[in-house]
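Take a look at the structure set out below.
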Amino acid sequence: MLTHQLGPSNGDASWSSYYNDEYATTTPCIQIGMTRQQVTNIIGGSGRVVSESQILHIHTVMIIYQGRFWSPKSATLTFYNGLL
């Protein structure tokens, strides 16, 4: 189960109103510490790299995963040295 839920940044609604327990308990969960390949396997697509940087020994990749077809839903995930 996800430990962090995404919600509005303006504080108009509580975090719990964005949580769908039925969906969360019937699908594999993306968790902190997963590799990009593990996340890709769960989501079903590789996403699109929107940012990538290397500073000293830290490699950072930010990927946006779009909803299927014309869905407005998306998630942006950041991987540090290959881990979420």
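The values are calculated or read from the model by the stated rules, or taken from the named source; none is laboratory data. Since we're looking at a predicted model, the values are computed, not measured. A quick note on method: Cβ atoms are made from the backbone with ideal geometry, for glycine too, and the neighbour counts reach across all protein chains shown.
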Segment 30-57 residues that are more than 15 Å from Ala75 (Cβ to Cβ), paired with ones that are small (Gly, Ala, Ser) and exposed (fewer than 15 other Cβ atoms within 10 Å of the Cβ) (beta carbon under 9 Å, 6 or more apart): Thr35/Gly82
Failed item, numbered, when Arg68 is tested on (1) charged (D, E, K, R); (2) over 12 Å from the mean Cα position of the chain (by Cα); (3) surrounded by 11 or more Cβ atoms within 10 Å (Cβ to Cβ): (3)
Restricting segment 71-80 to residues that are surrounded by 10 or more Cβ atoms within 10 Å (Cβ to Cβ) and not aliphatic (A, V, I, L, M), the residue that is modelled with the lowest pLDDT: Ser74
Residue that is modelled with the highest pLDDT, among those in segment 1-57 that are touching a helix residue (DSSP H, G or I) at 6+ places or on another chain (Cβ under 9 Å) and of a type in the set (A, V, I, L, M): Met34
